[in-house]
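Read-outs throughout are calculated quantities, based only on the coordinates presented, and are distinct from any laboratory measurement. From a predicted model like this one, the values you see are computed outputs, not experimental measurements. Here the Cβ positions follow ideal geometry from the backbone for every residue, glycine too, while neighbour counts run over all protein chains shown.
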Amino acid sequence: MKTILLFVVCLFFSCKKEQKNNSELEKNNLDKCFNRIEKINLINEILKTENIQTYLHLDIEERNPVRIIKNDFFFELDSFLIDNYRYVKIVDSLPYNKLKLQLEINPTDSCQFSRGNFIFYSPIENAEVNGDIELKDSVWTISVIRDIEF
């Protein structure tokens with residue numbers, strides 16, 4: 001009985017280590033596939049959609065910079081311009097603050113990233129925007145699927 005229990009515990013920790021390694025590998029692959037400028041261009045295109053602009057309220061001083069919580073896609077990004085007057089700052093999730101926005105970008109085809117989806121969440125507005133992204137003729141096309149205010 002002890003042998004079986006030991007085997008199950010070892011298997012559990014082995015799977016956890018493999019999940020962590022896969023996550024790190026995925027993050028490294030995203031960095032190799034997309035350079036800084038490509039990531040910034042995509043993020044800016046998503047943030048410029050009318051649905052998301054509604055929740056950014058960039059005319060309010062305390063909303064500049066736009067603070068987005070760091071995730072794997074934002075790896076090694078710290079800040080960049082949205083336009084001549086405003087910028088995005090990538091921040092840690094802690095300490096939590098209602099001014100921190102969430103943006104997840106999920107490619108569906110890894111390094112040949114030409115399709116995917118995104119989820120944007122604004123805690124101040126308690127709103128979420130979901131959509132699809134597609135690269136057509138070197139231009140990102142953003143299609144909003146859902147825009148929900150909770």
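A compact table of results
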item: Ordering of 71-82, 137-148, 36-47 by burial proxy (mean other Cβ atoms within 10 Å per residue, highest first); result: 36-47, 71-82, 137-148
item: Local electrostatic count, residue 53, Cβ distance below 13 Å [Lys/Arg +1, Asp/Glu -1]; result: -3
item: Rh (Kirkwood; distinct C-alpha pairs) - the stretch 111-150, Å; result: 11.1 Å
item: Whole-number Å³ per residue for the convex hull built on Cα positions in the stretch 55-150; result: 117 Å³
item: Local net charge near residue 93, Cβ-Cβ under 12 Å (Lys/Arg +1, Asp/Glu -1); result: +2
